[in-house]
Amino acid sequence: MVTMPLKWGSRLALLCVLLVMAAASAAAQDALFSSAAKQKAESLLKQMTLDEKIGQLNQASGIVLQGLADEKPDNLIVQGRVGSVLWLNDVHEINRLQHLAVEKSRLHIPILFGFDVIHGYRTVFPVPLAMASSWDPSVEERAQHLAAEDARAAGIEWTFTPMVDIARDARWGRIVEGAGEDPYLGAAMARAQVLGFQGEHMGPESVLACVKHFAGYGAADGGRDYDSSYVPEELMRNVYLVPFHAAEQAGAGSFMSAYMDLNDVPASGNHWLLTDVLRKDWGFQGLVLSDAFAVQNLQTHGYAKDPEDAAYKAITAGLNMDMASETYTHNLAKLVKEGRVSETYIDQMVLPVLEAKYDLGLFDHPYVDESKVNTVLDRPEGLALERKLAGRSMVLLRNEDHTLPLSKGLKKVAVIGPLADSTQDIEGGWTVEGLFGPSGKSHPVTVYAGIKKMLGSDAEVTLVSGPVPSRLYPGLLDQLKGVKMSPPPTPEETADWITKVKAAAANADVVVAVMGETADMNGEAASRATLNMPGIQEQMLEAVAAAGKPVVLVLENGRPLDIRWASEHVPAILEAWYPGTEGGDAVADVLFGDVDPGGKLPVSWPRVAGEEPLYYNHNLTHEPEDQPGFTSRYWDMNSKPLYPFGYGLSYTTFQFANLRLSKASMAAGDTNEVSVDVTNTGSVAGDAVAQVYIHQRYGSASRPVRQLEGFKRVSLQPGEKKTLTFPLGSHELHFWDPQTKKWVVEASEFDVWAGGDSKASLHAGFAVTQ
Ligand code: BGC
C-alpha cells in the first residue's frame, strides 16, 4: 500500500497549541536549591583556587580495586581536589575520609558520598521493574523514602537512582533497573522516586537523586549494553526523554550522562542533550555527573583525540562532574590556562555542587552517627513495608482452573528449581551485599523458606534445587573479582536431577517451581541474545509437569523470558521478579491467597528474542495485523506479545463499563474528562488497575496505535463499584511534531479506550477543534 504524502497546501487545518514547555516549566518551577545555599556557595566560590574548584568536579573512587582505582583518594582529599566519593558502604571509612576533607583541607568543604542505592540499602525492595509492575507510584515513593533514610544513616547522601531509561527490548540487561517500555508509566515512577529520595524540597534528610542514564541508553542496537543508540529527535522527545523530564520537573538535583553514542555523539559529550535540552529547554539547575569512566571513554568512542580533548568536550557539553576517571583532575586547569575554557564557566559548573552540599546539610553535619546505623537499618517496619510492597509488585500471568490460591491445608509440597532457596538471588542485583559480599546482617527470605513458614511444621515441604545456571561470559563484578563461571551439568548430572525432581513431584500434592535467571544474568553488561530459561530449568519443569500434579511456576527474573512452553502446559505462573529481602514471604502471601496479585506488566512480553524490540505503542504503517492477507508480520510465529503491556490476572474478576467523556468535542488547550466504572465481579477483594489509552487518528505525524495517558490502581471488595476519572488535556494530547519541531495539540479525532490492559476494548471518541 502506498501512503500518500501529506501535501503542504492541503494540510489539515491544524491548531498548534505551542506549548513552550521549556520556558513554562522553567518559570513555573521553584528554584532547585535554596537562596541561602546559593549565597553561601557564591561566597565560598570566591575563596577557591582554580584547583579547588576543579576538585569539586572530581568524583573519586572510595575503594581500591584493580580496574577501578589504584589508590585511596586521601591525598587528593587533603589537597581539596575531591568533591565526591563513591562506592563506599563502610561508615567508619566514610567518616575517616570526611574528617580529612573537613579538618585537613584548606577550605574544609565536606565530601558528598554517592552510592547506587537502587532499590533499598539493607532492606532490599523489589527491583525497579517489579516496583513499576505495581502500577502504584506510592510503592516506589515509600520504598525509596525508606531507602533514603537508611542511606543517610549509613553516610550516603547521593544515590544514582532513579534509572528511567525506557526499555523496549528485553535482551537489554538493564531493563530490570527501570520502569519498562512506557513513557507515561515511566514518568509516574520517575517522579515518585525523586520525591521518595529528596522529599518535596532538598534538605538535611534528603538523599540527592541522580536521574540516569541521560539519554537513549535503553535503545542500544540489538539490546547490547553500551552499543550505539540511534533515536531521532521526535522519538527522543515523545518517548525516551519523557520520564527524564518528569524527574527534572519533580525537582531531581542531578542527572547522570549515559555511556553510549546517541546518534553518533557520545551522551557524555553531547551538547544537545546536556545543555540544549536539559538546561535551556527544561531549565535544569542541578548538576550532571558522568557515568563511571565515561569522560575518559570519549577517547574510546573515537570522539576525543586525547584526555585533554575528552575533558574539553565533556565540560563544554555541560557535564559538571567526572565519575572516577580523573580526566577533569588532570586536564581542566590546562584548558583554563590555555583559554579554551573560561574560569567563569568552571564557576558555573561548580556552583550546583556546592549548593547541593549546603542544602543537604553537609556543612552543618558532615559526619555519620556510627552508633545509630544499625538501629536504623534493622528497623522491623522496613521489612514489613518491603513484604507489602513486594506483594503489590507481583503479576499473575496464568491461572487455569483456579490453581491459585493454594490451600493452607496442603500437607506435601515440592519446591523445585535453582532459585527456590537462593538467598543471593531473591533480592536481585544492585544490592550492598551483592556488591561488597555478605555482611551477615541481611537475612533474605527465599520462596522455599516462605512456603515452609506459611504451612508450618505439619506440612512436608521438599526442596530439589537443581544445578545453578551460569552465564557463558562472566558479569562485571565477577570479572573484577576473577570469579570463574561454572560449567553446565554433564548429561549424567542432568539425568540425576531429573530423576530427583520426578520423585519429589510424585510424592507431592503440589509442585512450586521457582525458576528464571540468577541475579547476575541481568543488569549492567548482562544483555542476552536469547530469552530462554537458562540451564536445565525447562527440562526440570517439563519433568515435573509430566508427573500430573498441579504445578505453579514462580518466576524470579529481571526481564521477560521465553516461557512459551510453560504458558501452555503449566497451569499457574506468577511473575515475582526479584521481590527483595522479604520476597519469599511475599510470594507465599500471594500463593496462599493472603494477598491478591494486582500487579500488571510494564512491558510487552515477547514469545522469543527475535520479536524484540516489541512495544505496544507503535505506529500503524500498513494494514492491521489481523486483516486477511496480513495475518502476521512474521510467517513463522505469531508476532504479537505472549502477554500484552498492562496485563495481569487477579483472584477476582473486574468489569469495566460506562466509558464516557465530558465533551464530545473540545478546543485545543481544553481538558476532557474520561470516566469509567470498575466493578469487582468476583468473590474476593482485589486490586484493579484501570488504564486509559488514546489514539490520534490523523495529523501532522503518524501517532501510536495506542498510548497510555492515565491509570489508577484501586482496591475493590466483592461487588463494589468505583467510578474513576482521568483528565485528557494538553499534557496528555500533545506530541513533538517532527515537521515543525514543536509541541503541538492538533485538531483531530481521538479514540479513547479504558480497561485492564493495553488491549482494552471499551471505546469512546472525541474531537479536538481549532
Ligand atoms: C553504571 C551506573 C552506576 C555507576 C556507579 C556504572 O557502571 O552504568 O548505572 O550508577 O556505574 O556505580
Quiz prompt | Nitroxide proxy distance, nm - points 7 Å out along Cα→Cβ at VAL78 and GLN299 | solution = 2.9
Quiz item: How big is the charge dipole of region 506-608 about its Cα centre, in debye rounded to the nearest 20, if each Lys and Arg gets +1 on its Cβ and each Asp and Glu gets -1 on its Cβ?
Solution: 420
Quiz prompt | Segment ARG633-ARG96, extension gain: residue separation times 0.36 nm, minus the distance between their alpha carbons | solution = 187.2 nm
Practice problem: Filter the trypsin sites (Lys or Arg not before Pro) in region 56-106 to those in DSSP coil with at most 16 other Cβ atoms within 10 Å of their Cβ, and list the result. | Solution: ARG106
Quiz item: Which three lengths, in whole Å and largest first, does region 281-440 cover when its Cα atoms are put on their principal axes?
Solution: 79, 43, 36
Practice problem: Assuming 0.890 mPa s and 25 °C, estimate D for the chain with Stokes-Einstein, Rh taken as the Kirkwood radius over Cα pairs, in µm²/s. | Solution: 90
Practice problem: Could you work out how far apart the two model spin labels at HIS271 and ASP51 are, taking each label as a point 7 Å from the Cα in the direction of the beta carbon, and quote it in nm? | Solution: 3.1
Self-check item: Base-10 log of normalised Debye intensity for region 384-601 (one unit scatterer per alpha-carbon) at q = 0.07, 0.10, 0.17 Å⁻¹
Solution: -0.20, -0.41, -1.24
Quiz item: What does the charge dipole of region 465-553 about its Cα centre add up to, to the nearest 20 debye, if the Cβ of each Lys and Arg holds +1 and the Cβ of each Asp and Glu holds -1?
Solution: 40
Practice problem: Compare the peptides 148-159, 200-211 by average per-residue count of other Cβ atoms within 10 angstrom and give them in order, highest first. | Solution: 148-159, 200-211
Quiz item: Based on the alpha-carbon gyration tensor of region 654-769 and its eigenvalue square roots a ≥ b ≥ c, which shape applies: rounded if a/c is under 1.5, prolate if not and a/b is larger than b/c, or oblate?
Solution: prolate
Practice problem: Would you mind checking the radius of gyration and Dmax of region 434-490 based on alpha-carbon positions, in Å? | Solution: 16.2, 46
Exercise. Kindly work out what percent of the DSSP beta bridges joining two residues of the chain are antiparallel, to the nearest 5.
Key: 55
Self-check item: Gain in span if fully extended, THR530 to SER342, counting 0.36 nm per residue against the direct Cα distance
Solution: 62.7 nm
Quiz item: Ranked highest first by the average count of other Cβ atoms within 10 Å around their residues, in what order do 757-764, 114-121 fall?
Solution: 114-121, 757-764
Quiz item: In what sequence do HIS330, HIS622, HIS301 fall when counting other Cβ within 10 Å, fewest first?
Solution: HIS622, HIS330, HIS301
Quiz item: Tell me, what is the percent relative contact order of region 259-390, built from C-alpha pairs under 8 Å that lie six or more residues apart?
Solution: 22
Self-check item: Of all DSSP beta bridges in region 384-601, antiparallel share, percent nearest 5
Solution: 15
Quiz item: Tell me, what is the percent relative contact order of region 384-601, built from C-alpha pairs under 8 Å that lie six or more residues apart?
Solution: 39
Practice problem: Under 1.5 on a/c is rounded, so check that first for region 448-564, then, if it is not, pick prolate when a/b is larger than b/c and oblate when it is not; a ≥ b ≥ c are the square roots of the alpha carbon gyration tensor eigenvalues. | Solution: prolate
Quiz item: aspartates and glutamates near LYS759 by alpha-carbon distance under 18 Å, same-chain residues fewer than 8 away left out - which ones?
Solution: GLU181, ASP182, GLU623, GLU625, ASP626, ASP677, GLU709, ASP751
Quiz prompt | For region 640-694, projected area of the alpha-carbon convex hull averaged over all directions, nm² | solution = 5.6
Quiz item: In which sequence would THR679, THR621 go, from the one with the fewest C-beta neighbours within 10 Å to the one with the most?
Solution: THR621, THR679
Exercise. Order these peptides, 261-274, 240-253, by their mean beta-carbon neighbour count within 10 angstrom, highest first.
Key: 240-253, 261-274
Quiz prompt | Sorted by Cβ neighbour density within 10 Å, fewest at the top, the residues SER675, SER665 | solution = SER665, SER675
Practice problem: Tell me what the chain gives for mean residue ellipticity at 222 nm when only DSSP H runs of n ≥ 4 count, each as -39,500 (n - 2.57), the sum divided by the residue total, rounded to 500 deg cm²/dmol. | Solution: -8000 deg cm²/dmol
Quiz item: With a ≥ b ≥ c the root eigenvalues of the C-alpha gyration tensor of region 193-302, is it rounded (a/c under 1.5), prolate (a/b larger than b/c) or oblate?
Solution: prolate
Quiz item: So which GluC sites (Glu not before Pro) in region 34-121 are both in a DSSP loop and have at most 13 other Cβ atoms within 10 Å of their Cβ?
Solution: GLU71
Exercise. Just flag the trypsin sites (Lys or Arg not before Pro) in region 444-544 sitting in loop per DSSP whose Cβ has no more than 13 other Cβ atoms within 10 Å.
Key: LYS484
Quiz item: So which of LYS212/LYS280; LYS305/LYS337; LYS408/LYS721 end up more than 27 Å apart, counting from Cα to Cα?
Solution: LYS408/LYS721
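Every number here is computed from the coordinates shown, using simple stated rules; none is lab data. These figures come from a predicted structure and were not determined experimentally. Reconstructed Cβ throughout: ideal geometry from the backbone, glycine too, with neighbour counts over all protein chains shown.
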